[in-house]
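Engineer: What follows is a structure written as structure tokens; I'll ask about it next.
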Amino acid sequence: MEGLIQYVENEFVAKKEFPKFSAGDTITVYYEIKEGEKTRTQFFKGVVIQRRGSGATETFTIRKMSGTVGVERIFPVNMPALQKVEVNKRGKVRRSRIYYFRALTGKKARIKEVRK
């Protein structure tokens, strides 16, 4: 049964090509918003907290600070409204899911950048 599900996902779900990113990276996600008859592009820039799932059900969570309030948003990779993903900075973290990042404030909330 699982083989059948994977076959259907591979054949019929449209794959989108995005750059490689992982937890700790700072990315900008551009997505389309429909308001009535109008559509506009909005972006969400923040740190990737986690990537979860595989195939058609893969998602990633981004966290940004809006003033003093932390805002998190979960994006499915195969969301039709997703237009593009830009990697702004590569971060050096030792975990694949950095939930501890939610509790950090000030200078402790900085992630070291990986230089190429």
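Bear in mind that the values in this text are calculations on the coordinates, not laboratory data. Keep in mind that what you see is a predicted model, and the values were worked out from it rather than measured. Positions of Cβ are generated from backbone atoms using ideal geometry, with glycine treated the same way; all protein chains shown enter the neighbour counts.
Engineer: Under a crude label model (7 Å from the Cα following the beta-carbon direction), how far is residue 100 from residue 58 in nanometres?
Structural biologist: Taking the simple label geometry, residue 100 and residue 58 are separated by 2.6 nm.
Engineer: What length, rounded to one decimal in nm, is gained on full extension from residue 2 through to residue 40, with 0.36 nm per residue of separation minus their alpha-carbon distance?
Structural biologist: Working: separation 38, 0.36 × 38 = 13.68 nm, distance 3.80 nm.
Result: 9.9 nm gained on full extension.
Engineer: Note down, for the range 1-51, the three equivalent ellipsoid semi-axes (square root of 5 times each alpha carbon gyration tensor eigenvalue), biggest first, whole angstrom. Mind showing how you got there, number by number?
Structural biologist: Working: eigenvalues 148, 86, 16 Å².
Equivalent ellipsoid of the range 1-51: 27, 21, 9 Å, largest first.
Engineer: Now for a different question. Taking a threshold of 21 Å on the Cα-Cα distance, which of the pairs 16/112; 84/116; 45/89; 16/64 fall above it? Numbers along the way, then the final one.
Structural biologist: Numbers: 16/112 29 Å; 84/116 23 Å; 45/89 11 Å; 16/64 24 Å.
The pairs that break the limit, which is 21 Å between Cα atoms, are 16/112; 84/116; 16/64.
Engineer: On to the next question. If you take the square roots of the eigenvalues of the alpha-carbon gyration tensor of the chain and sort them as a ≥ b ≥ c, do you get rounded (a/c under 1.5), prolate (a/b over b/c) or oblate?
Structural biologist: Numbers: a/c = 2.10, a/b = 1.37, b/c = 1.54.
Judged from the Cα gyration tensor, the chain comes out oblate (a/c at least 1.5, b/c at or above a/b).
Engineer: While we're looking at this one, here's another question. How big is the dipole moment of the chain about its Cα centre under a simple scheme where the beta carbon of each Lys and Arg is +1, that of each Asp and Glu is -1, and everything else is neutral? Debye, nearest 20, please.
Structural biologist: 1100
Engineer: So, one more: Please identify every one of the GluC sites (Glu not before Pro) in the range 1-71 that sits in a loop by DSSP and has no more than 16 other beta carbons within 10 Å of its own beta carbon. Intermediate values should be presented prior to the final figure.
Structural biologist: Working: sites: 2, 9, 11, 17, 32, 35, 37, 58; in loops: 17, 37, 58.
In loop regions of the range 1-71 (DSSP not H, G, I, E or B), the sparsely surrounded GluC sites (Glu not before Pro) are 17, 37, 58.
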